[in-house]
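Here is the structure we will look at.
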Amino acid sequence: MTIQLEANLQNLRAKAPLVHNITNFVVMNFTANALLAIGASPVMAHAVEEVEDMVSIAGALVVNIGTLSPLWVEGMHSAMAKAAQTGKPIVLDPVGAGATPYRNNVLTALLEAAPPAIIRGNGSEILALAGASIQTKGVDSTADSTDSIGAARALSERFGSVVSVSGAVDVIVHGNRTAWISNGVPLMTKVTGMGCSASALAGAFAAVVTDPFEAAVSAAVTMGVCGELAYRAAKLPGSFQIAFLDTLSDISPAHLAELSKIRLE
Ligand SMILES: Nc1ncnc2c1ncn2[C@@H]1O[C@H](COP(=O)(O)OP(=O)(O)OP(=O)(O)O)[C@@H](O)[C@H]1O
Ligand SMILES: Cc1ncsc1CCO
Ligand SMILES: [Mg+2]
């Protein structure tokens, strides 16, 4: 099995898929900019009155529960049901899973109603989602991605989803396939919305790549390689955030493939 990183990024840029995001107030702007920079076309829409129509014209749906409230949850359910019905890939970012019972309950209902193609979260979010009794510290991880592999496998088996766990090493599992991606820099944890962007990029790749495992790996590598290149130019969070967007738009497909550090099993 190989991952066609070069072709996948070329394909993404050629098709510029519309990615429908229902995401949180904190990261909306950064996520839209990250999607534009890589070559996708973002739209943020959460009203229950329009999500079905929006997802119908999109290539993928990204649902992120970062700042949820009941009306938004209604929109998430409608959008996910329509995506499932029309065969659009869904990416779910379980932001803050394990922090409060409300988040856990909403996530359980969403997962059961419409299983996502890709679930992308940090270590403690994935542990919590799989039912471990773990207290997530707000939206930040309290667990290593590599300690969450068992939880990721259990979730993948239960919902049939690719599970992508971010951290110093990103671990991506689907059935008996596993990818370890060791790109990225620690400064990425000091800019809010890096994980949310990782999920949004997974949506952009899933819109143009048939295999969701391949899409999730391509997104994680893109995040990590662009993080490393941005860090060459900027070593503090504010300037790094901007350098990261610049790098997403500047990275060539060949350079992405060349700098990738993937181990596949
Ligand atoms: N210690 C690290 N070293 C290198 N890269 C890292 C490290 N920690 C996280 N990353 C990278 O940072 C990105 C975001 O991952 P992270 O686990 O911080 O997401 P998150 O907690 O969901 O973020 P947020 O909720 O703030 O958006 C991923 O691309 C991941 O590979
Ligand atoms: C800080 C924060 N709080 C809710 S969502 C969010 C963005 C990172 O996930
Ligand atoms: Mg997150």
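The values are calculated or read from the model by the stated rules, or taken from the named source; none is laboratory data. What you see is a predicted model; the values in this text were computed from it and never measured. When we count neighbours, we look across all protein chains shown, and the Cβ atoms used for this are built from the backbone with ideal geometry, even at glycine.
Among the listed residues Ala132, Ala84, Ala99, which satisfies the condition of being within 19 Å of Ala152 (Cα to Cα) and away from ligand 1 (no atom under 16 Å from the Cβ)?
The match here is Ala132.
Quick grid of which residues meet (1) of a type in the set (A, V, I, L, M); (2) away from ligand 3 (no atom under 14 Å from the Cβ); (3) within 15 Å of the chain's Cα centre (by Cα):
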| position | (1), (2), (3) |
| --- | --- |
| Ile119 | yes, no, yes |
| Ile126 | yes, no, yes |
| Gln135 | no, yes, no |
| Thr142 | no, no, no |
| Ser148 | no, no, no |
| Arg153 | no, yes, no |
| Val165 | yes, no, yes |
| Gly175 | no, yes, no |
| Thr178 | no, yes, no |
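Right, Leu35: in contact with a Lys or Arg (Cβ under 9 Å, 6 or more places away or on another chain) and either modelled with pLDDT of 95 or more or surrounded by fewer than 17 Cβ atoms within 10 Å (Cβ to Cβ) (or both) or not?
no
Does the stretch 170-181 hold any residues that are more than 8 Å from ligand 1 (Cβ to nearest atom) and touching a residue at least 24 places away in the same chain (Cβ under 8 Å), and which are they?
Hits for the stretch 170-181 are Val171, Ile172, Val173, His174, Arg177, Thr178, Ala179, Trp180.
Given the residues Pro89, Pro94, which is the only one that is crowded, with 19+ Cβ neighbours inside 10 Å and away from ligand 1 (no atom under 16 Å from the Cβ)?
Pro89
Hand me the list of helices (runs of 4 or more DSSP H) wholly inside the stretch 1-93 holding 1 or more residues that are more than 15 Å from ligand 2 (Cβ to nearest atom) and under 30 Å from Ile262 (Cβ atoms).
Filter on the stretch 1-93 gives 5-15, 28-38, 70-86.
Counting only residues that are within 16 Å of ligand 2 (Cβ to nearest atom), buried (at least 24 other Cβ atoms within 10 Å of the Cβ) and either assigned to a strand (DSSP E or B) or β-branched (Val, Ile, Thr) (or both), how many does the stretch 97-129 have?
Adding up the residues that qualify gives 5.
Which one is farthest from Leu264 (Cα to Cα) among residues in the stretch 135-160 that are in a loop (DSSP other than H, G, I, E, B) and in contact with a helix residue (DSSP H, G or I) (Cβ under 6 Å, 6 or more places away or on another chain)?
Thr136
How many residues are of a type in the set (Lys, Arg) and in contact with a strand residue (DSSP E or B) (Cβ under 7 Å, 6 or more places away or on another chain) if we restrict to the stretch 186-243?
0
Every residue in the stretch 1-58 that is of a type in the set (D, E, K, R) and closer than 14 Å to Thr222 by Cβ, please.
Hits for the stretch 1-58 are Glu6, Arg13.
Search the stretch 17-43 for residues that are within 25 Å of Ala7 (Cβ to Cβ) and pair each with any residue that is small (Gly, Ala, Ser) and in a strand (DSSP E or B) when their beta-carbon atoms are under 8 Å apart and the residues are at least 6 apart or on different chains.
Cβ pairs passing all conditions: Pro17/Ser41; Pro17/Ala60; Leu18/Ser41; Val19/Ser41; Val19/Ala60; His20/Ala60; Leu35/Ser41.
Which number in (1) more than 10 Å from ligand 1 (Cβ to nearest atom); (2) under 28 Å from Leu236 (Cα atoms) marks the one condition that Ala117 misses?
The one condition Ala117 does not meet is (2).
Report, by residue number, each residue of the stretch 219-256 that is over 22 Å from Ser199 (Cβ atoms), in contact (Cβ under 8 Å) with a residue 40 or more places away in the chain and in a helix (DSSP H, G or I).
Ala254
Just to be sure before I move on: is Thr142 buried (at least 24 other Cβ atoms within 10 Å of the Cβ), modelled with pLDDT under 95 and over 21 Å from Gly227 (Cβ atoms) in the structure I sent?
Spelling it out, it is not the case that Thr142 is buried (at least 24 other Cβ atoms within 10 Å of the Cβ), modelled with pLDDT under 95 and over 21 Å from Gly227 (Cβ atoms).
What's the total number of residues in the stretch 125-160 that are touching a Leu at 6+ places or on another chain (Cβ under 8 Å) and either closer than 20 Å to Val106 by Cβ or in contact (Cβ under 8 Å) with a residue 60 or more places away in the chain (or both)?
Counting residues in the stretch 125-160 that are touching a Leu at 6+ places or on another chain (Cβ under 8 Å) and either closer than 20 Å to Val106 by Cβ or in contact (Cβ under 8 Å) with a residue 60 or more places away in the chain (or both) gives 7.
Just to be sure before I move on: is Ala132 farther than 24 Å from Phe240 by Cβ and assigned to a helix (DSSP H, G or I) in the structure I sent?
Against the criterion (farther than 24 Å from Phe240 by Cβ and assigned to a helix (DSSP H, G or I)), Ala132 does not qualify.
Please go through the stretch 161-218 and pick out each residue that is away from ligand 2 (no atom under 16 Å from the Cβ), under 21 Å from Ala40 (Cα atoms) and not in a loop (DSSP other than H, G, I, E, B).
Matches in the stretch 161-218: Ala204, Phe205, Ala206, Ala207, Val208, Pro212, Phe213, Glu214, Ala215, Ala216, Val217, Ser218.
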